[in-house]
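Student: Have a look at this one.
The values are calculated or read from the model by the stated rules, or taken from the named source; none is laboratory data. Predicted model only: the values in this text are computed from it and were never measured. We place every Cβ from the backbone using ideal geometry, glycine too, and count neighbours over all the protein chains shown.
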Amino acid sequence: MEEEKVSPMAAMFRSVPQIFRGRQCAPGPLSARMLSKIADEKRPLADKVAVITGSTKGIGFAIAQRLAQNGAHVVISSRKQQNVDRAVAMLKEEGLSVTGTVCHVGKAKDRQHLVATALEHSGGVDFLVCVAGVNPLVGSTLGASEQIWDKILDVNVKSPALLLSQLLPHMEKRGGSSVVLVSSVVAYLPVPKLGVYNTSKAALLGLCKSLAIELAPKGIRVNCLVPGIIKTDFGLGEKAVPNLLPDLNKIYGLQRLGEPEDCAGIVSFLCSPDAKYITGENIVVAGFSPKL
Ligand SMILES: NC(=O)C1=CN([C@@H]2O[C@H](COP(=O)(O)OP(=O)(O)OC[C@H]3O[C@@H](n4cnc5c(N)ncnc54)[C@H](OP(=O)(O)O)[C@@H]3O)[C@@H](O)[C@H]2O)C=CC1
Ligand SMILES: CC1=C(/C=C/C(C)=C/C=C/C(C)=C/C=O)C(C)(C)CCC1
């Protein structure tokens, strides 16, 4: 049977009883105020602009998708055009508000271009989520070349700070802006053969605390997502530590490896007004707690 087509407003009216189930409200037609309250609750990030780096796949893509589902215009990016095009198409297919551009976060020119692209939408940026991260080395820390150190520290630690400094004036003027860095549980649990990567992720815990203090007077909150082992192409966990799940299950009671979506809700929350009194926090999302 042909499904009846209804306008979004009609659909929202129809959904009203469910939304209000259990709430104290006078019977009868809903005021415009009540309806706009419903709309706000369903789209807490409406009219906001979010820049997410490393967001055409994996954790970054899941975060961008959730921020957009919650009402934000998302600016997604990564190094490869074909990844950008595919990710933009997927989000547009879902009816979400998205712009995509190529940006290798380690390149100053690319970061500048990303900032310009983000400003095209509405002249400002409300949220910056720095997801891009690399690990080109599985091996001894002291055997790592200077080039390897430079590449890992440039992308994983320096680029979030340099990109934020370029976005700063455009975030400060918006009021209520939020930055989310992305570390890793390896910052707490040093994984053998990932010493340079572990160090870069531990540095982000400190960067979060320092930036939170520095940016508080500007009304910008800074927090840090600390994912556990998440099933993505990055898949560093399994590469570095075979038999990871049974060991983590035995030692920490871990029941399953994570999905990118497991990281999305907390980031949307940290960007939302519900987190307006939270800053400088490193928040582990790992299915276990690696902290002693
Ligand atoms: N997966 C895991 O178990 C964990 C991951 N993390 C962290 O999460 C972040 C994302 O990892 P994950 O989603 O698993 O990885 P994926 O490989 O699934 O996705 C990485 C994304 O980042 C992009 N990217 C890679 N390098 C750069 C760069 N230099 N500049 C801009 N974009 C880049 C990739 O696209 P493209 O190739 O087109 O550039 C892709 O969109 C990383 O910072 C990682 O350290 C933390 C803990 C655990
Ligand atoms: C070191 C180590 C462990 C933990 C490994 C972990 C937690 C790896 C995480 C890798 C990640 C998250 C990579 C990407 O960022 C065990 C299994 C407890 C015991 C054996 C030694």
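Student: When you check GLY237 against the structure, is it over 15 Å from the mean Cα position of the chain (by Cα) and over 20 Å from LYS57 (Cβ atoms), yes or no?
Tutor: For GLY237, the condition - over 15 Å from the mean Cα position of the chain (by Cα) and over 20 Å from LYS57 (Cβ atoms) - is not met.
Student: Filter the range 229-258 for residues that are within 8 Å of ligand 2 (Cβ to nearest atom) and closer than 30 Å to SER165 by Cβ and give the result.
Tutor: ILE230, PHE234, LEU236
Student: Tell me, yes or no, whether the range 272-279 has at least one residue that is over 18 Å from VAL134 (Cβ atoms) and within 16 Å of ligand 1 (Cβ to nearest atom).
Tutor: no
Student: Same structure again: Can you tell me how many residues in the range 144-160 are farther than 15 Å from ASN198 by Cα and surrounded by fewer than 16 Cβ atoms within 10 Å (Cβ to Cβ)?
Tutor: Summing the residues that are farther than 15 Å from ASN198 by Cα and surrounded by fewer than 16 Cβ atoms within 10 Å (Cβ to Cβ) in the range 144-160 gives 3.
Student: Another question, then. Which one is surrounded by the fewest Cβ atoms within 10 Å (Cβ to Cβ), of the residues in the range 69-79 that are out of contact with any Lys or Arg (no Cβ under 8 Å at 6 or more places or on another chain) and closer than 13 Å to GLY100 by Cα?
Tutor: Start the filter on the range 69-79 by keeping residues that are out of contact with any Lys or Arg (no Cβ under 8 Å at 6 or more places or on another chain), which leaves 69, 74-77, 79.
From what's left, closer than 13 Å to GLY100 by Cα: 74-77, 79.
Working: VAL74: 30, VAL75: 28, ILE76: 30, SER77: 31, ARG79: 17.
For the range 69-79, the residue satisfying everything is ARG79.
Student: With the requirement that a residue be more than 15 Å from ALA132 (Cα to Cα) and charged (D, E, K, R), what does the range 80-114 give you?
Tutor: Hits for the range 80-114 are ASP85, ARG86, LYS92, GLU93, GLU94, LYS109.
Student: For the range 234-257, state whether one or more residues are in a strand (DSSP E or B), more than 23 Å from LYS42 (Cα to Cα) and within 12 Å of ligand 1 (Cβ to nearest atom).
Tutor: no
Student: Just the residues that are of a type outside the set (A, V, I, L, M), modelled with pLDDT of 95 or more and not in a helix (DSSP H, G or I), please, taken from the range 258-292. Let's see the steps before the verdict.
Tutor: So the first thing to find is which residues in the range 258-292 are of a type outside the set (A, V, I, L, M), and the list is 258-263, 265, 268-269, 271-274, 276-277, 279-282, 287-291.
Restricting the remaining residues to those that are modelled with pLDDT of 95 or more gives 258-263, 265, 268-269, 271-274, 276-277, 279-282, 287-289.
Residues satisfying the conditions are GLY258, GLU259, SER272, LYS276, TYR277, THR279, GLY280, GLU281, ASN282, GLY287, PHE288, SER289.
Student: I've got another one for you. When you go through VAL84, VAL88, VAL74 one by one, which is the residue that is of a type in the set (Val, Ile, Thr) and in contact with a helix residue (DSSP H, G or I) (Cβ under 9 Å, 6 or more places away or on another chain)?
Tutor: So the residue among VAL84, VAL88, VAL74 that is of a type in the set (Val, Ile, Thr) and in contact with a helix residue (DSSP H, G or I) (Cβ under 9 Å, 6 or more places away or on another chain) is VAL74.
Student: Based on what the data block shows, is ILE213 within 17 Å of the chain's Cα centre (by Cα) and more than 12 Å from ligand 1 (Cβ to nearest atom)?
Tutor: No.
Student: Something else: Which of (1) more than 27 Å from SER272 (Cβ to Cβ); (2) touching a residue at least 40 places away in the same chain (Cβ under 8 Å); (3) within 13 Å of ligand 1 (Cβ to nearest atom) is the odd one out, the single condition GLY100 does not satisfy?
Tutor: Here GLY100 meets the rest and fails (1).
Student: Could you list all residues from the range 242-261 that are surrounded by 13 or more Cβ atoms within 10 Å (Cβ to Cβ) and either free of Cβ contacts under 8 Å to residues at least 12 places away in the same chain or in contact with an Asp or Glu (Cβ under 7 Å, 6 or more places away or on another chain) (or both)?
Tutor: LEU244, ASN249
Student: While we're on this one: State which residue pairs qualify: first residue among the polar types (S, T, N, Q) and inside the range 219-233, second residue not in a loop (DSSP other than H, G, I, E, B) in any location, beta carbons under 7 Å apart, and separation of 6 or more residues or different chains.
Tutor: ASN223/VAL180; ASN223/CYS208; ASN223/LEU270; ASN223/ILE283; THR232/GLY58; THR232/ILE59; THR232/PRO260
Student: Here is a follow-up. Assuming PRO136 fulfils every condition listed in (1) free of Cβ contacts under 8 Å to residues at least 24 places away in the same chain; (2) away from ligand 1 (no atom under 12 Å from the Cβ) apart from one, which condition is it?
Tutor: Answer for PRO136: the failing condition is (2).
Student: Any idea which residue in the range 181-196 is nearest to ligand 1 (Cβ to nearest atom), counting only those that are within 19 Å of ALA161 (Cα to Cα) and touching a helix residue (DSSP H, G or I) at 6+ places or on another chain (Cβ under 6 Å)?
Tutor: Looking at residues that are within 19 Å of ALA161 (Cα to Cα) and touching a helix residue (DSSP H, G or I) at 6+ places or on another chain (Cβ under 6 Å), I get SER184.
Student: Going by the structure shown, is GLY100 under 18 Å from the mean Cα position of the chain (by Cα) and outside any loop (DSSP other than H, G, I, E, B)?
Tutor: Yes, satisfied.
Student: Another one. Grab the helices (runs of 4 or more DSSP H) fully contained in the range 104-198, keeping just those with 2 or more residues being more than 16 Å from ligand 2 (Cβ to nearest atom) and closer than 30 Å to PRO217 by Cα.
Tutor: Of the helices (runs of 4 or more DSSP H) lying wholly inside the range 104-198, those with at least 2 residues that are more than 16 Å from ligand 2 (Cβ to nearest atom) and closer than 30 Å to PRO217 by Cα span 108-122, 159-172.
Student: In addition: Can you name the residue in the range 47-70 that is within 12 Å of ligand 1 (Cβ to nearest atom) and over 16 Å from ARG111 (Cβ atoms) and is also nearest to the chain's Cα centre (by Cα) among such residues?
Tutor: So, considering only residues that are within 12 Å of ligand 1 (Cβ to nearest atom) and over 16 Å from ARG111 (Cβ atoms), the one nearest to the chain's Cα centre (by Cα) is ILE63.
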